[in-house]
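Every number here is computed from the coordinates shown, using simple stated rules; none is lab data. All values reported here derive from a predicted model rather than from experimental measurement. Methodologically, a virtual Cβ is constructed for each residue, glycine included, from the backbone with ideal geometry; neighbour enumeration extends over all protein chains shown.
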Amino acid sequence: MPKPILYDYYRSSAAYRVRIGLNLKGVEYESRPVNLLESAQRSDEYRALNPQGFVPMLEIDGERLTQSLAILNYLDLRFPNQPLIPARAAERAHVVAMSMAIACDIHPLNNLRVLKYMKDELGIEQEARDAWYRHWVSEGLPALEAMAAPRAGKFLFGDAPTAADVCLVPQLYNARRFNVPLDDYPTLLRADENANKIEAFAAAHPDRQEVPA
Ligand SMILES: N[C@@H](CCC(=O)N[C@@H](CS)C(=O)NCC(=O)O)C(=O)O
């Protein structure tokens with residue numbers, strides 16, 4: 001198999017999820033940074049490849065895949081070692097629900113384009129934008145804690161990492177950058193700590209990626 005190419009950005013939570021997924025599956029890939037701060041994702045050239053103008057995008061097996069959860073699902077079917085989504089229907093629904101609580105309900109409200117629109121088009125000051133960020137994270141994480149706690153072990157579901165942890169770790173990295181208090185979420189913190197001890201997670205950390213010049 002030719003080496004997959006990940007269109008990546010070191011601080012992108014969604015790309016961070018895919019880096020973790022690829023590492024957990026033991027798939028070597030080439031990272032191709034897209035400089036979000038210079039709006040490279042909005043260029044005609046990039047949009048011709050990914051009309052949504054987002055990272056991540058993964059070129060693999062002659063396919064061009066977008067949407068981090070769809071990519072994780074692809075990787076899980078393509079490389080069944082170390083499953084990210086359990087096989088049993090109810091467990092599968094639970095893990096996907098936790099993943100979506102992060103990827104669909106917390107993260108999009110705080111995406112770069114949203115914060116940029118607030119600043120550039122609505123003239124909202126930094127302090128208010130930060131408050132917006134913290135509000136949506138602080139509303140989403142208690143719900144996730146309550147969803148996870150009954151069936152969590154070392155990770156959000158049981159004792160092996162799943163897609164839910166793959167989504168959690170980048171979200172908490174981001175929350176810390178914005179100084180969101182996390183002490184009320186012991187289940188999330190335990191899963192995050194255990195995940196970060198695994199090299200597949202640690203190697204995907206933003207500090208270990210190429211930063212576009
Ligand atoms: N739902 C998409 C979200 C992708 C996404 O939001 N990517 C962000 C970086 S984390 C992005 O490319 N933002 C560019 C922008 O906001 O202009 C996924 O899960 O892949």
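Numerical summary
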quantity	calculated
FRET efficiency, A87 to D120 (Cβ-Cβ, R0 45 Å, nearest 0.05)	0.45
Amide proton proximity set for G158, modelled H, under 5 Å, gap of 5+	A152, G153
Residue (of Y7, N194, I85) at the positive-pole extreme of the chain, dipole from beta-carbon charges	I85
Gained length - M1 relative to L109, 0.36 nm times residue gap less alpha-carbon distance	35.2 nm
Total charge dipole magnitude, the chain, about the Cα centre, Cβ charges on Lys, Arg, Asp, Glu only, Debye to nearest 20	280
Sites matching GluC sites (Glu not before Pro) across the range 1-56 that sit in DSSP coil, with at most 16 neighbouring C-beta atoms within 10 Å	E28
Ranked by how many other beta carbons lie within 10 Å on average, peptides 2-11, 181-190 from highest	2-11, 181-190
Residue-wise HN-Hα coupling along the range 113-124, computed from phi with Karplus coefficients 6.51, -1.76, 1.60 (Hz; x: Gly, Pro)	5, 5, 5, 5, 5, 4, 6, 6, 9, 9, x, 7
Separation of the V211 and S39 label points, Cα + 7 Å toward Cβ, nm	2.3
Label-point separation in nm, D159 to R32, each point 7 Å along Cα→Cβ	4.2
Nearest-20 debye value, the range 88-213 charge dipole, Cβ charges on Lys, Arg, Asp, Glu	280
